[in-house]
1. If you scan the stretch 38-64, which residues turn out to be part of a loop (DSSP other than H, G, I, E, B), in contact with a Ser or Thr (Cβ under 8 Å, 6 or more places away or on another chain) and open to solvent by less than 30 Å² (accessible area, probe 1.4 Å)?
2. So, in the stretch 202-214, exactly how many residues are farther than 12 Å from ASN181 by Cβ and at pLDDT 95 or above?
3. Of the residues in the stretch 85-107, how many are surrounded by fewer than 19 Cβ atoms within 10 Å (Cβ to Cβ), under 25 Å from ASN46 (Cα atoms) and in contact with a Ser or Thr (Cβ under 8 Å, 6 or more places away or on another chain)?
4. Could you identify the single residue in VAL283, VAL270 that is among the hydrophobic types (A, V, I, L, M, F, W, C) and touching a residue at least 60 places away in the same chain (Cβ under 8 Å)?
5. Considering the stretch 65-75 alone, what residues qualify as being loosely packed, with under 15 Cβ neighbours inside 10 Å and within 14 Å of THR38 (Cα to Cα)?
6. Exactly one condition in (1) free of Cβ contacts under 8 Å to residues at least 60 places away in the same chain; (2) in a loop (DSSP other than H, G, I, E, B); (3) in contact with a strand residue (DSSP E or B) (Cβ under 8 Å, 6 or more places away or on another chain); (4) not β-branched (Val, Ile, Thr) is false for PRO233; which is it?
7. Looking at the stretch 183-196, is at least one residue out of contact with any His (no Cβ under 7 Å at 6 or more places or on another chain), farther than 19 Å from VAL253 by Cα and hydrophobic (A, V, I, L, M, F, W, C)?
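The values are calculated or read from the model by the stated rules, or taken from the named source; none is laboratory data. Fair warning: this is a prediction, and the values are worked out from it, not measured in the lab. Cβ atoms come from the backbone with ideal geometry, glycine included; neighbour counts cover every protein chain shown. What goes into the accessible areas is simple: the full protein's heavy atoms, side chains included, and nothing from ligands, DNA or RNA. Shrake-Rupley method; radii C 1.70, N 1.55, O 1.52, S 1.80 Å.
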Amino acid sequence: MASTFKVKALVVFFAVAALLTGGYAHGKDHAASVFDVTEYGAAPSNRDNKDAFLAAWRAACGSTAVNSTLVFPKGGTFAAGAVRFEGPCANGGAPAVVIDGVLQPCAAAGGGGCRLSDDAWITFSGLNNLLVTGAGTLDGQGHRRSGKGKTKTTTTLLFDGVTNSTLSGLRLVNSRGFHVNLRRCTGIVATGLGIHAPAASRNTDGIHVAFSSHVRVLDSAIGTGDDCVSVGPGSADVLVSGVSCGPGHGISVGSLGGEEQEEEEVRGVVVRNCTVKGTTNGVRIKTWPGSPPGAASNITFEDIAMDAVANPVNIDQRYCPHGRCAGAGKPSLVQISEVTFRRIEGTSRTPMAVRLLCSEERPCTGVRLDGINLTCGDVPCRYELSNVRGPVAPGPGVRREEEEADVASGGSEQLGRFTWWLPFTVRG
């Protein structure tokens, strides 16, 4: 298929680009193409190195060398306030960025007059063919927040309007908000990342994708206090593969419908070959109650291993995590369609193995369950389905118990709420 070819071609292209630009030892003839931040005044300390970082960036971005590289060297912890590395650059591409040291926000490190943005700490914007890599760590110092007054939920690393680029190898820890946010991007590969935050830290999604297309999240270990990976509004052609998730809230499409003007269409999301362990949800789609019209379609979750996960398979169109939602009691208007859950195996720590709670105003269509093989400790597992239109086959040998089996009025055919006890397909 043409789409499959494009996916493979994209991944191969990025792999070759990473090989050509990865590392910063370009040989003696290219010594001038390496821009070390310490040569522009940066030093391991508590003071704000933002100006030195930007001076080194301007030199690297303005260089016409083929393989210009911005280097944050190993051997120290560099503090900085909010910093924005912007393009376009001189050669139409972007320098490789190699982070081998530790970066921290200077506000947490005690730098006087240093400020963090409410949006992002480190931003790359308006760039093409960017590689950000290295063996270093971005430490958001979120675990040191005082908890007094309003707390910033600053994203650690933001790609904004970045195209045909790769993020690889880094360790990101203790963000104050999202660890990685891919916003308004096209053609991004994020691979080999280690992302970690305490299980109790709020809004610390590992990787968030929004208003972006042709994104690949690959072979990464993510454990946070929120979603390991979240695919937000305006996203298309997103692949999540080889991710080890936990702790956290699982791997999610959404939440959708939180903003009145949101571009709500999400399409072409595939989550496969992932392991989810000890999370509060497994794989899910979530929309806010009372959300404006939108759509989420052509979504596949397959070959997922669950280990002691609550709510392993979940569609929640009444998502209201803290019990305070403006649209509470109103139906979501996000239409969910063509969703497949395939070959999902392992253990649930709750009896509810599959819960599909769709909108009474926009019932889900084209939902497929295939090869769901979960155990729920010493009790039988259950499915709960609400407002799912059309046949949903939970498996052979299933006994159905009806709860609130209402068919909504108004002429639209809907499935009311049912519960299936599954002593065969899902082993008790």
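1. SER63
2. Total meeting the criteria: 2.
3. 1
4. VAL283
5. Step one: filter the stretch 65-75 for residues loosely packed, with under 15 Cβ neighbours inside 10 Å, giving 66, 74-75.
The answer is LYS74, GLY75.
6. Answer for PRO233: the failing condition is (1).
7. Yes, the stretch 183-196 contains at least one residue that is out of contact with any His (no Cβ under 7 Å at 6 or more places or on another chain), farther than 19 Å from VAL253 by Cα and hydrophobic (A, V, I, L, M, F, W, C).
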